[in-house]
Each structure stands twice: as C-alpha cells, then as structure tokens.
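**Student:** This is the structure I want to talk about, given as structure tokens.
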C-alpha cells in the first residue's frame with residue numbers, strides 16, 4: 001500500500017486542506033445543509049485513516065468514534081479489503097444486472113443467507129441502506145398487488161426511526177427536524193411511539209412500558225384494519241435516533257402480532273449487521289427474531305465500497321412462484337445492483353469477520369459498555385445506553401425531569417468540539433453523543449476514548465455554566 005502522503009500525486013486537494021475547503025465552498029453541496037449556507041460550506045477535512053484513527057486536515061490524529069457513519073467496522077486502511085477491490089476491478093469492473101450476472105454476487109448471496117435467520121435465504125443487492133429499505137418496501141407493494149390485496153400498503157414506523165433518504169424511506173423517519181421542510185408520502189405511513197425506555201411515562205416500569213407499546217400496536221391495527229397494513233419496519237436498535245434499545249421482549253411480541261395479522265416484518269439492520277453487535281445479523285442472534293426481510297448496508301463492506309441489500313424469506317418467494325399471476329413483473333433494479341467490486345470486497349470483509357473480528361467484538365463489547373456507563377457520574381449525563389459496540393451518551397439539564405437541555409440544543413456539538421481538540425471524533429445529535437467505533441477497537445483504545453469523552457463533557461459543563469444556560 002502506498003503511504004498516505006503519496007496520494008498528493010493523484011489528489012492534491014485531498015491533502016491540501018485550504019484548496020479542498022475552498023473548492024467545496026465554491027462547488028460542493030454537502031449533505032444536510034441549511035438554506036442560509038447551502039452550496040457555500042466546507043466541513044472538516046479528513047485526510048487519511050488507519051485502524052481506528054483518522055487524521056484531519058490539520059494533521060491531528062483522532063479516534064474515529066462514529067466509524068465513519070456506523071460503517072468502517074474493520075477499520076481504516078485494511079490492505080486486505082483494498083486489494084480485494086483492486087483485484088476485482090482488474091478482472092471485471094462492471095456487468096449489467098438486467099441480463100448478466102457475476103460470480104462474486106452469487107457467492108456473497110449464498111454466504112449471507114447462511115448467516116441469516118431460518119428461511120431467509122435470498123438476497124437482492126442494492127447500493128446502500130436507503131435503496132435497501134426502498135427495495136424491501138417495493139417488494140411488499142409488489143407482493144400485495146400480485147396477491148390481489150392492493151389496499152394492503154400502509155407502513156408502520158416509529159418515532160425516532162431513521163430508514164433512509166429516498167422519498168419513500170425518508171417518509172418513515174421519525175425525527176422531527178427532518179419533517180419540517182421536506183415532503184414525504186404521508187398517506188402511506190403510520191407512526192407508532194418511540195420505544196425509548198428512558199423517555200417512558202413517569203412512574204412506569206420498563207415492563208409496563210413494553211405493554212403500553214404492544215397495546216398501541218394492537219389499537220392501531222384494529223383501528224386501521226390489518227387488511228390495509230402491509231409492513232412494519234423497525235431497526236433492532238434505533239441508531240440515529242440515539243441508540244435506543246427497546247424493552248426486553250418488545251420486538252418478539254411485535255413480530256408475533258405482525259404474523260397474526262399478515263403484516264410483513266422488515267428488520268432494518270443497516271447499522272446493526274456485520275459486526276456492530278458481534279454477529280453478522282442481530283435479528284436472530286441477539287434479539288431471537290425471524291423477520292420476513294432484513295435490510296443491510298454499511299458494515300457489509302466496512303465502508304470500502306457502496307453496497308446494500310435485502311434478505312428475503314423463502315416463504316414469500318415460494319408464494320409468488322405459486323401465484324396465478326406468473327407474468328407479474330417485479331419491475332425494480334438499480335444500475336449498480338450486485339456490483340462485482342462491491343460484492344468482492346464484501347466477501348473479503350466477511351472472511352475477516354468470520355476469522356476473528358466478530359469474536360473480538362463480542363469480547364470487548366461488555367468492557368466498552370461498562371466503561372462508558374461510568375460517565376453517568378457526570379451531572380450533565382442523564383443516561384448512557386447501548387448494546388454491542390454502539391452507545392449513546394444523552395445529556396439532560398436535570399435528572400428529575402430528564403429535560404434534554406431545552407436551553408441549549410447544541411450541547412452535543414460543544415462536546416464534539418472539545419473532544420476533537422483532545423483527539424476524538426464524536427457523532428453529535430443535539431443533546432446526545434453517539435459512539436460506534438470500529439469493532440477492532442482494543443480495551444486500551446476504549447480507555448483512551450472514555451477519558452477524552454469525560455474531559456470533553458467536563459469542559460462542556462464549564463462552558464454551559466459560564467454561559468448561564470445550565471446550573472448543574
């Protein structure tokens with residue numbers, strides 16, 4: 001592998017922070033911009049990465065706390081993954097998926113199916129998470145059309161959910177700030193309550209909260225009619241909503257209600273799959289679920305190539321094959337479906353996961369959770385929650401009301417700025433900080449990460465007191 005600085009011969013703007021940022025301000029539209037600066041901003045520059053670390057445009061080395069965007073599971077600059085990409089590109093860089101196929105996609109589908117829960121044996125490959133969830137939803141619509149149930153199309157989602165950025169998938173999202181200025185297919189989506197035990201009604205037990213959520217589901221199905229509801233879509237752990245781990249048993253109970261009412265259960269594992277919770281899929285191995293479909297992306301290639309997909313139940317496909325509408329066309333596909341390079345990288349990624357990375361993730365996850373939990377002794381921290389190698393530090397103004405710092409919606413960004421100065425990149429979400437480092441992180445590196453977080457939160461507390469927005 002060439003040294004990072006050798007990239008200057010090919011991409012000078014990637015290592016020259018001033019030029020790259022000036023070009024971005026002139027020509028690059030960044031994701032999630034606000035109207036006042038759209039097309040005129042430059043975000044922090046990342047120049048290189050190695051292992052769990054990235055180096056920013058100023059040459060500072062930081063722990064990559066979010067693992068890119070939940071995706072760099074095996075860490076940066078893994079030569080095995082880079083070589084898989086390179087070698088496949090030299091052999092076959094692309095084939096049209098409409099009337100040809102490639103061997104890496106067939107092998108990858110077989111290996112992924114072997115890790116999925118019983119009966120989920122077929123894979124449709126997409127380009128990422130949004131297109132994976134979109135594919136699952138379009139498959140549900142197609143299936144109900146073929147079955148003669150054209151009214152059975154409503155989709156149940158939940159508060160604080162995140163399922164994508166396409167027109168349909170974004171309609172499922174449950175974070176209010178995304179709904180203020182963007183349109184969606186409101187008539188197709190029914191929102192259920194967020195299953196966040198931290199925000200349960202005062203005085204209610206976690207078990208009682210789970211019962212409340214189940215009763216709500218039953219009430220919605222009874223009111224709307226099961227004959228109109230096509231699918232329930234749920235992340236096993238709501239990632240971008242703040243690493244919300246649902247009450248024990250809640251997902252299995254919802255799964256049974258879906259089965260009882262002929263509602264397809266789509267488990268959105270774009271974040272939780274491929275090692276984040278120590279398994280290739282968390283639905284079966286962690287939550288004891290057998291969904292009808294599982295969506296995935298991100299960690300399937302450790303972020304080295306855009307790839308996603310849907311694992312679909314054999315039962316559903318068999319039902320379609322037996323239909324009296326054998327000519328019905330599932331008219332859905334993408335130019336880069338089953339991309340040979342992406343599938344080749346994913347195969348090598350899966351090799352590395354199976355060879356020890358999954359076992360390592362399961363081994364260090366309890367230490368990761370325990371060390372982060374220690375941050376609850378800081379007055380600003382209301383709760384530290386998580387599972388596997390994903391966690392959230394939620395900050396509150398006071399622990400009696402769990403007020404999410406209503407006077408300062410930017411507390412997560414404040415913490416991130418302090419942590420970056422100390423050597424850690426954080427994923428700030430309003431009053432929360434999300435941590436999901438590469439799953440190859442060691443216990444010593446976890447210690448470093450927690451120490452920086454503690455100092456960053458402590459400095460933020462000093463800032464808030466000085467600015468008069470918090471009295472803790």
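**Student:** Determine the shape class of the range 175-313: with a ≥ b ≥ c the square roots of the Cα gyration tensor eigenvalues, call it rounded for a/c under 1.5, and otherwise prolate if a/b is greater than b/c, oblate otherwise.
**Tutor:** Rounded, because the longest to shortest axis ratio a/c is under 1.5.
**Student:** If N is the number of residues in the range 81-352, what value comes out of its Cα radius of gyration divided by 2.2 N^0.38 Å?
**Tutor:** Cα Rg divided by the expected 2.2 N^0.38 Å: 1.00.
**Student:** In what sequence do 450, 310, 133 fall when counting other Cβ within 10 Å, fewest first?
**Tutor:** 450, 310, 133
**Student:** Continuing with the same structure: Evaluate the relative contact order of the range 81-352 (contact order divided by residue number), counting alpha-carbon pairs under 8 angstrom at least 6 apart; express in whole percent.
**Tutor:** For the range 81-352, the relative contact order is 31 percent.
**Student:** OK, next. Can you put 227, 196, 119 in order, fewest other beta carbons within 10 Å first?
**Tutor:** The most exposed by this proxy come first: 227, 119, 196.
**Student:** In which sequence would 198, 209, 139 go, from the one with the fewest C-beta neighbours within 10 Å to the one with the most?
**Tutor:** 198, 209, 139
**Student:** Moving to a separate point now. Evaluate the relative contact order of the chain (contact order divided by residue number), counting alpha-carbon pairs under 8 angstrom at least 6 apart; express in whole percent.
**Tutor:** 19 percent
**Student:** Please report the antiparallel percentage of DSSP beta bridges with both residues in the chain, rounded to the nearest 5.
**Tutor:** 65 percent
**Student:** Okay, moving on. When only alpha-carbon atoms are used, what values of Rg and Dmax, in angstrom, describe the range 262-306?
**Tutor:** In Å, with Rg to one decimal and Dmax whole: 10.9, 38.
**Student:** Could you sort the peptides 141-153, 28-40, 372-384 by per-residue average Cβ neighbour count (10 Å cutoff), highest mean leading?
**Tutor:** Order by mean packing, descending: 372-384, 141-153, 28-40.
**Student:** Another question, then. Can you give the helix-only mean residue ellipticity at 222 nm for the chain, where every DSSP H stretch with n ≥ 4 adds -39500 (n - 2.57) and the sum goes over all residues, rounded to the nearest 500 deg cm²/dmol?
**Tutor:** After summing the helix terms and dividing by the residues of the chain, the value is -11500 deg cm²/dmol.
Here, each number is a calculation from the coordinates, and none is a lab measurement. Keep in mind that this is a model prediction, so the values were computed, not measured. Positions of Cβ are backbone-derived with ideal geometry, glycine not excepted, and every protein chain shown enters the neighbour counts.
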